[in-house]
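The values are calculated or read from the model by the stated rules, or taken from the named source; none is laboratory data. This is a predicted model, so every value here is computed, not measured. Note that each Cβ is placed from the backbone with ideal geometry, even for glycine, and that neighbours are counted across all protein chains shown. Accessible surface is based on the protein model in full, side chains and every heavy atom, while ligands, DNA and RNA are left aside. Shrake-Rupley method; radii C 1.70, N 1.55, O 1.52, S 1.80 Å.
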Amino acid sequence: MRDPSVSRNSAGRLSPIRRTADLRRLRDEQFDVLVVGGGVTGAGAAVDAASRGLKVALVEARDFAAGTSSRSSKLIHGGLRYLEQLELHLVHEALTERGLLATRLAPHLVRPVPILVPLPSANIARRAWQRGYYGLGVAAYDVFAGVFGPGRGMPLHRHLTRDGARHLFPSLRADKIAGAIRYFDGQVDDARLVVNLGRTAASLGAAVVTSARVTGFVREARQVVGVRVRDLEAPGAEPSRGGKPMPNHMNEFEVRAKTVVAATGVWSDDMSQMLRDVGLRPGMKVRASKGVHLVVPRSAITGEAGLILRTATSVLFVIPWGGHWIIGTTDTDWQLDRSHPAASARDIRYLLDQVNTVLDRPLTTDDIEGVYAGLRPLLSGEADSTSKLSREHAVVEPMLGLLMVAGGKYTTYRVMAADVIDRAVRRLGGPAQPSRTDQLPLLGADGYAAAWRDRHDLARRHGVTAGVVEHLLERYGTMTMHLLAMMSADPQLAAPLAGAPEYLAAEVAYAALAEGALHLDDVLTRRTRISIETTHRGTESAEHAAQIMGDALGWDATVRQKEVEHYLARVTAERQSQTMPDDATADAARIGVPDVRGLAADRRVELLEIDL
């Protein structure tokens, strides 16, 4: 539990000094719950457990949301297609969570986005059937969300004629549609939500450490009582030629816990393999499905709403994203490198072909600013195709002291977290402590509505434009005040970032000093989305960002150069992989660059702590 004399925001600062203190806690203390995995489910589980008053730790091998949780379609949604599959409980559950996030838990990060369901042109009878069929589905969507409930957080749907649809989305081909239905879902910066969850867990007293890889379980008899962890930022943790940290037992230590929760997504089977010597049967199998997304400039498509399109195998979204559009996704089995799944030329061509069926000006590869690929963890049987695998989740206890949670959807992370911590609480005994995360605003949410209402006054008081304040409020909520204070103290931090003028230098410094960012890639890929929102993919921002991070984290010239060189090599490898014809060749091109974790050996020990 946090010291009541310390504010939530201060207690949730993931600064370099906080990391050192939390590493010490990992070595010295025994925890009620130790969460392995810093994606949305793991971070959500840490928040849930800490909010119940449990002693909690979270470790993550790379960065928050470094895997699946930063590579989604950026939607908080119920899933219209699940209505067709009659998975009504999933739709209701997800829409309930959407309402909570948009109105109470994270209104600064989740906001409504309009989406059109185009109705294909056909004869009169078929047009009437299609409008009735899709209209019934969208109406059911609204009903499940609570038509007039105060917590729905989204406007109701509306039917549009062909002219009405093209007025809202002029780039739609008139000969391909007979009209449309407009509905609303939630949009989120997925990586920022996970960082926010990690900080919220820290504000509640959890020890939160990234760049801490679990290398095995600690057992007593047939019970798991902790894990072995390797600190990848410690001196001597340099990657080997193959990209994996070389063994250094001084950097490896045991973390003791009464219950270990593995929320490792597509790496769940790896956790099971760590106990193969006792014949562990995990009780579930997780398959990885690759989803690829394209990012194109807003000028490439004219429209004021998103699109949802049916394809032969799945659905395709075209979603407005600030000054850009996100187009995705694919849904294909993936059995290659899970840390850095690669998008191939075939994936890119598939997405362009699908979206171009309804656009009046076809997109080409020249329009593409960014590409990203992620892996969905799906519960499966041996022979299921990924498009039919369940989006439900499961919690299993394959061995005493070890709980595993996998499957599910980004939108329902809080339900998954509550389910697994309910199991942990029952194991721990004592009085029942129900989850209360449905009532717990994340950091930055408290007072957000008032801050947004007064944003013009806030801008005048700090001598910045209203646009700057709006940008910060939609990314940091009421923690915007901290960034504005940094900019007032150091005017250089108020300058735009080189190569990405929509972001401020202060955001890079804040990421390093308060949001747990340890490497240049963390900032350019997840704390900001520069790596997918610029045609140079962050290469023109790398030097400036490394300078700011270096000042905050005490990097010398050698470390700065290594960070920039690694980032540039990563971008080059990704670009090359996206020209390859298939998964195998794309994967081979991408894995040529090792993970950046472990490049801290030359970092100065002294760290300058700056009050925020």
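Computed about the Cα centre, the dipole magnitude for the chain is approximately 1320 debye when only Lys and Arg (+1) and Asp and Glu (-1) carry charge, each at its Cβ. For the range 1-136, averaging the sequence separation of C-alpha pairs within contact (under 8 Å, six or more residues apart) and dividing by the residue count gives a relative contact order of 14 percent.
Within the accessible area of the range 483-604, the carbon and sulfur atoms contribute 55%, probe 1.4 Å, all protein chains present.
A cut-off under 9 angstrom between Cβ atoms defines the neighbours of ALA288, and their net charge, with Lys, Arg +1 and Asp, Glu -1, is +3.
Just to be sure I follow the rule: in the chain, considering lysines 8 or more places apart or on different chains, how many pairs have Cα atoms under 17 Å apart? So the count of such lysine pairs works out to 9. When the Cα positions of THR437, GLY323, THR264 are compared along the charge dipole of the chain, THR437 comes out farthest toward the positive end, with charges on each C-beta of Lys, Arg, Asp and Glu. What's the local net charge at ALA505, with K and R +1, D and E -1, over the other residues with C-beta under 12 Å away? Result for the local shell: -3. For the range 480-535, the square roots a ≥ b ≥ c of the C-alpha gyration tensor eigenvalues yield an a/c of 1.5 or more together with a/b not exceeding b/c, which makes the shape oblate.
Normalised by the number of residues in the range 91-180, the mean separation of alpha-carbon contacts (under 8 Å, six or more apart) gives a relative contact order of 40 percent.
Taking amide hydrogens as placed 1.01 Å from N in the peptide plane, the amide H of THR215 sits under 5 Å from those of ARG228, VAL229, ARG230, each at least 5 positions away in sequence or on another chain.
Taking only the C-alpha atoms, wrap a convex hull around the chain and report its volume per residue in Å³ as a whole number.
Values: hull volume 92.0 nm³, N = 612.
Hull volume over Cα atoms, normalised by residue count, gives 150 Å³.
The relative contact order of the chain comes to 19 percent, based on Cα pairs under 8 Å that sit 6 or more residues apart.
The DSSP beta bridges internal to the chain are antiparallel in roughly 75% of cases. Take each peptide in 297-304, 407-414, 194-201, 567-574, count the other Cβ atoms within 10 Å of every residue, and average; sorted highest first, the result is 194-201, 407-414, 567-574, 297-304.
The packing ranking, built from the mean of other Cβ atoms within 10 Å per residue, places the peptides 287-296, 319-328, 580-589 in the order 287-296, 319-328, 580-589, highest first. Averaged over its residues, the range 33-130 has an accessible area of 28 Å² per residue, based on protein heavy atoms and a 1.4 Å probe.
Annotation: ASP269 carries an accessible surface of approximately 50 Å², with a 1.4 Å probe and no ligand, DNA or RNA atoms counted. Taking the C-alpha atoms only, the angle from helix 124-145 to the longest principal axis of the chain is near 30 degrees.
Summing charges over all other residues whose Cβ lies under 15 Å from the Cβ of ARG346, with Lys and Arg as +1 and Asp and Glu as -1, gives -4. A cut-off of 5 Å between modelled amide H atoms, ignoring neighbours fewer than 5 places along the same chain, links ALA445 with THR478.
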